[in-house]
Amino acid sequence: MTNLLQTPEATQNWYLLLSTVLFSIGVIGVLFRRNALIILMCVELMLNAVNLLLVSISAYSGNVDGQVFVFFIMVVAAAEVAVGLALMVSIYRSIGSIDINVLNKLKW
Amino acid sequence: MEQTISALSAMIAPALLIPALPLLGFILISLFGKKLGHLSGWIGSLMILGSFVSSLVLFNGIGSEGKLNFDLYEWIKFAGTSLSFGFLVDQLTLVMLLFITGIGFFIHLYSIGYMHDDEGFARFFSYLNLFVFFMLLLVMGNSYLVMFIGWEGVGLCSYLLIGFWHKNPAYNDAAKKAFVMNRIGDLGFLLAMFLLLFYFGGLDFDTVNNAAMSMEKGSGLLILTTLLLFVGASGKSAQLPLYTWLPDAMAGPTPVSALIHAATMVTAGIYMVSRSNILFIQAPPTLDVILWIGIATSVFAAVIGIKQNDIKKILAYSTVSQLGMMFAALGLGAFESGMFHVVTHAFFKALLFLGAGSVIHAMGGEQDIRKMGGLLKFTKITGFTFLIGSLAISGIPPFAGFFSKDEILANAFEGNKVAWILLSLSSMVTAFYMFRLVFLTFFGSFRGTEEQRHHLHESPITITLPLMVLAVLSVIGGFIGLPAVFSDTHTFRSFLNPVFEQGHTLVAEHAHPSHATEWMLMGIATIAAFVSIGFAWTMYMKNKTLPEPDEQLSGFSKVVANKFYVDELYDKLIVNPIKVLSDLFLVLFDKLIIDLIVNLSAILVDVTGRTYRLIQTGNTGFYVFAMVISMVLFLLFQIVL
Amino acid sequence: MLSLELLFIPLFASLLILFAKGKAARALALVFTLIQLLVTGYAYTIFKANGGAAFEFTQAWVKSPVINIHFGVDGISLLMVMLTNLLLPLIVLSGFNRETKRPHIFYALMLFMQFALNGVFLSMDAFVYYIFWELALIPIYFIAFNWGDENRGKVTIKFFIYTLVGSLLMLFGFVFLYLSSPQHSLDWNTLTQFKTCSCNQTWLFWLLFAAFAIKIPIFPFHTWQPDTYKSAPTQGTMLLSGIMLKMGTYSLIKWLLPIVPDGFKEWQAVVITLSVIGIVYASIIAIMQTDLKRLFAYSSIAHVGLIAAGVFSFTQQGLQGSLAQMFAHGINVVGLFFCADIILSRTGTLQISNLGGIRNQNRLFSSLFLIVVLGSVALPLTNGFIGEFLLLYGVFEYNTWLSVFAGLTIILGAVYMLRMFQNVMSGPDSEHISSFPPLHWNEKLVLILIGGLIILTGVFPAPILELTQPAIDNLLK
């Protein structure tokens, strides 16, 4: 057990575990929450889970490519949050709710 | 050019002048017709006179021996084949040239008087000149292709002139009918040309004749080619079953009927067969077809002629009948006799038509002979010349028609006795209806209105002069071809000899009828004609019978008066089915079937879209769920596979 | 280099006209089309018909896939370039007394169309050719869509998608050819020298043929055509019928025949039969048409059917005839549609039953109209005869019976054309026509030029035939 936690592989496994848990929380949140804002936050959580994974693997393998990617993702996520929140605000203003069960106008 | 005989090269210029003058006339009159006014009639006539003089020069220069054959330029060139635009003037052409330009001139002259008050005076002469141009091209061409230019060109002019009074829809129908019927024949001509071009290696007469000479007699190719050529000829020369346009063509002004639909254009078919005599001699079955179609047409049209009451229609059917007789002569291999009848027929039929025009002129446009009668008193010149024409067509010696007809009958007697009997019958019927016409029109008492009686007058000199000239020709025209019993040399035949001698070498010389037989045949023909005339005299002069009004007709005479319902039959069998087919094609195939298939592709896209849009529920949760499930499934596949 | 000039004059003019206003636009259009005509005339005078390409221009464009800009003309292309650049000034001039909405855009599109058409005929690389082929569709779509009649929406979409489907198939064909050619090139010279195996040619033929058959159109791909001709503005119809459908027949000779010769021979019988059916079928439909433009549209289907049959007869005279007839048909059909437009602008109707008696009122127009009609029924000494004679002879050499059926066109053609002429021009004055004002100067000029061309090229067809002869010899080798 100590082995498990002390070798570089072992540390890596904890990171992996953490990011998987984070990602799953995100997925479950997206699937089961009805508030669009929380769904958005869950999406962010998923992105950050991936970021974490990228950073850890990058450190483990000694390759900086992963870290570069993380920056990319963070930039995109920031942009996405800006657009997403703006949409939320706009939807809330016009409909008065951001419950996704109410937001079903976009269909045939 | 290499075919030009150098001694004759001086003749090229006058030869070119012959078609060029009428073309020039056409261009001048159609461009400046309005300004020229009635001068255009004189210009048009002078152009034809010029052509006539040139023809005389040519006649003098070429004579009975020479032959002028030259190419103007290469017209259509492809793949080593070159089809030239060239002219051929030999004795056959000379004969045609002389009477086309000669009679053409007099008919132009006549038209100046006849069309004097017509608003389309200049237009009329431009069309007439154009017609003469194409007709001259037809007879002067040195290949089937150049002949075909003239062939279609005269068809066009005939169309324009039949529908000359284009405000009248019935006239337009007649014009259209003439053109379309001619086109049916033209398709035959065209296909024949393809055969000639493909198997004979050219379209000029020399090439074709030389090739035909060396071919086996009666080969399938020759028979097919000649039959197709004959289809062309029967369209243009109004033979069964393509004759129905000619009687309708009488809608045109009378000079047109005289020039185009009696004297010149309708004889183009006979000219064409004579020109290709070697081809036809090499295909005896075709000659038989021609013989029997000619005879059938001759008898059939003559019978219809009995019951017609329109003065021009009677003459039209008589033209069809006479053309049938000419074809019968060709079918018997007697090309010279056929051409001889073409010439004499041109004289007396032009005379008859112009006379009829003069009568119509005097009657103020009336054409029904039941409303005429006793006109001889009022229109002496017209009456007497018309009588001469009728005597000529009936075959009374010594008028022109007697000699040419007698020659055909003598040939028929030698060749085929049944043909002889039928042709004699047709000839008798002709004499009967012609004198029915003469008696009803010029003798007895006047049956028209009082107003018409006041209007009756002899026509002006421009009209009567051509009548008199043609009457003289109808009297003496036959002497160019005196039969053997009168004269040792048959002038006309020996003149044409260079054209036909090559063909004659291909057939076994059959014995000429003995003088006794000839006398007998002439006697029979003359007596038969007199009997017919006598019969007509008894009916219409002695008993003063009048043709019944149309509604009182019954039985066979009604069928005859209605021309055996051939037009109606054609309508039912050909015209109406095409109309039905047209609607069927459009509605059923175009709109329904083909468009359905085309639209089906659009419908397919449409249906697909409608189906897939059901997935778009609008429920965001569902979208997210679908997304996650898809990702999981994707990953699973990645791992498993 | 001359081919570049031929391309850039109309392109430049098209851009320039966009900035012109009102009458200046059409004046500019006329000036530039005339300049283009002069250049074309110059090209004709210095062109030596020897079967090879002249005025070539080559320039590498894309490295991978290998696409070279390659222009050049042989006798066949030059004839089509001449037709295009001869008709354009006439078409532009024909609109001189008409009010056109937004003329600068209209004429700019027209000149752009000229650019694209010239490009199609000049291209020697299949990819460049394909680009121009598609490019030609764009201006005519906008012309038909913005200046057409009330049905234009549905009709133009049908036309657009129909032809687009065809070109897409052609593109597939070219892509396959590119991949299978050893040098990986789409140059005309490469494609014609390298022959893919006949197993591939069988289906490759249909990929290429589909595009051409729709454009021509050959029965049964024709249903877009009458509607489009009817709905498009007349000048657009002139472009479509006079030049654009020649893209199809031209491509049969220039692209289809040399590239897939085995497929061509394999499907020869099928296509020639379809063409001949199309001739009779369209002629019979034309007889009962009640609308002048639709009648001309169906007559056009019949005529191009004969052209296609001549091409597929695979004989010297068939190919020669098809080229002569393309040239003749371009002139005649523009004349016919122009006459229809003149009638429409004066009477407000194209219904044959409402017309009549125009001959009584306007002699000059009726004479000129008659000349065009005679050209289109192929009377000897008009341009139509040369083409039809050679075409029918070509079909005859292929199969005698087919030529009899194809030959029905000369009878049926006379029936529908004369019926039309009689009902529209002759007869008593129609109550629907109060007056028929005399022709405007530009109308007179256009019709006289067309009539003159009809007779001139009918009497002296040799220049056309000599121009294309060496190229055809090359093809049949």
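Assorted remarks:
- Distance from the range B:367-387 to the range C:435-477 (C-alpha centre basis), Å: 53
- Cβ-based charge dipole, chain B, positive-most Cα from B:171, B:147, B:130: B:171
- Cα radius of gyration and Dmax for the range C:1-259 (Å): 18.2, 57
- Charged-residue dipole, Cβ positions (Lys, Arg, Asp, Glu), the protein assembly as shown about Cα centre, Debye nearest 20: 2560
- Sequence of B:148, A:72 once ranked by neighbouring C-beta atoms within 10 Å, starting from the fewest: A:72, B:148
- Mean Cα-pair separation over length for the range C:1-259, i.e. relative contact order, pairs under 8 Å, 6 or more apart, %: 21
- Computed lengthening from residue B:53 to residue B:484, 0.36 nm per intervening residue step minus Cα-Cα distance: 152.0 nm
- Per-residue [θ]222 nm for chain B (sum of -39500 (n - 2.57) over DSSP H runs n ≥ 4, rounded to 500): -22500 deg cm²/dmol
- From the alpha carbon centroid of the range B:445-459 to that of the range B:460-509 is 39 Å.
- By definition, a body whose alpha carbon gyration tensor gives a ≥ b ≥ c is oblate when a/c is 1.5 or more and a/b is not larger than b/c, and the range B:489-641 fits this oblate description.
- Summed residue charge, Cβ within 13 Å of residue C:268's Cβ, Lys/Arg positive, Asp/Glu negative: -2
- The 3J(HN,Hα) values that the Karplus relation (6.51, -1.76, 1.60; θ = phi - 60°) gives for the range C:205-220 are, in residue order, 3, 5, 4, 6, 4, 4, 4, 6, 4, 5, 5, 5, x, 9, 3, x Hz. Gly and Pro appear as x.
- Across chain B the C-alpha pair distances fall into 20 Å bins from zero in the proportions 18, 49, 20, 5, 5, 3, 0 percent.
- Shape class of the range B:584-640 from the alpha-carbon gyration tensor: oblate, with a/c at 1.5 or above and b/c at least as large as a/b.
- Ranking of C:197, B:157, A:42 by count of other Cβ atoms within 10 Å, fewest first: C:197, A:42, B:157
- Least to most buried among C:99, B:407, C:466 (fewest other Cβ within 10 Å first): C:99, C:466, B:407
- Helical runs assigned H by DSSP (4 residues or longer) give chain A a calculated mean residue ellipticity at 222 nm of -28000 deg cm²/dmol, each run adding -39500 (n - 2.57) before division by the residue total.
- From helices alone, chain C scores -24500 deg cm²/dmol at 222 nm; the rule is -39500 (n - 2.57) for each run of n ≥ 4 DSSP H residues, then divide by the residue total.
- Length-normalised contact order of the range C:261-477 in % [C-alpha pairs under 8 Å, at least 6 apart]: 29
- Rounded to the nearest 10 degrees, the inclination of helix A:8-32 to the longest alpha-carbon principal axis of chain A is 10 degrees.
- Altogether, the Stokes-Einstein calculation at 4 °C and 1.567 mPa s, with the Kirkwood radius of the range B:1-142 over Cα pairs as Rh, returns a diffusion coefficient of 82 µm²/s.
- Here the calculated FRET efficiency for residue B:568 and residue B:310, from their Cβ-Cβ distance with R0 = 25 Å, stands at 0.85, rounded to the nearest 0.05.
- 0 to 90° range, to nearest 10: angle between helix C:441-459 axis and chain C longest Cα axis: 50
- Scaling against 2.2 N^0.38 Å puts the C-alpha radius of gyration of the range B:223-372 at 1.05.
- Seen against the Cα atoms of chain B and their longest principal axis, helix B:461-476 is set at about 70 degrees.
- For residue C:187, nonlocal amide neighbours, meaning residues 5 or more places apart or on other chains whose placed amide H falls under 5 Å from its own, are C:126.
- Taken about its Cα centre, chain B carries a charge dipole of roughly 1280 debye when the Cβ of each Lys and Arg holds +1 and the Cβ of each Asp and Glu holds -1.
- Cα shape, the range B:261-327, gyration tensor, a/c 1.5 rule: oblate
- Taking Cβ atoms as reference points and 14 Å as the exclusive limit, the residues near residue C:329 contribute a net charge of 0, counting Lys and Arg as +1 and Asp and Glu as -1.
- 15 Å beta-carbon shell around residue C:68, net charge (K/R +1, D/E -1): -2
- With the convex hull drawn around the C-alpha atoms of the protein assembly as shown, the volume per residue stands at 225 Å³.
- Partner lysines for residue C:246 [C-alpha distance under 18 Å; skip if fewer than 8 residues away on the same chain]: C:215, C:254
- Entry for chain C at q = 0.06 Å⁻¹: log10 I(q)/I(0) = -0.24, Debye formula applied to identical alpha-carbon scatterers, no solvent contribution.
- Put the Cα centre of the range B:121-174 next to the Cα centre of the range B:44-76 and the gap is 20 Å.
Every number here is computed from the coordinates shown, using simple stated rules; none is lab data. Just so you know, these numbers come straight off a predicted model, no measurement behind them. Methodologically, a virtual Cβ is constructed for each residue, glycine included, from the backbone with ideal geometry; neighbour enumeration extends over all protein chains shown.
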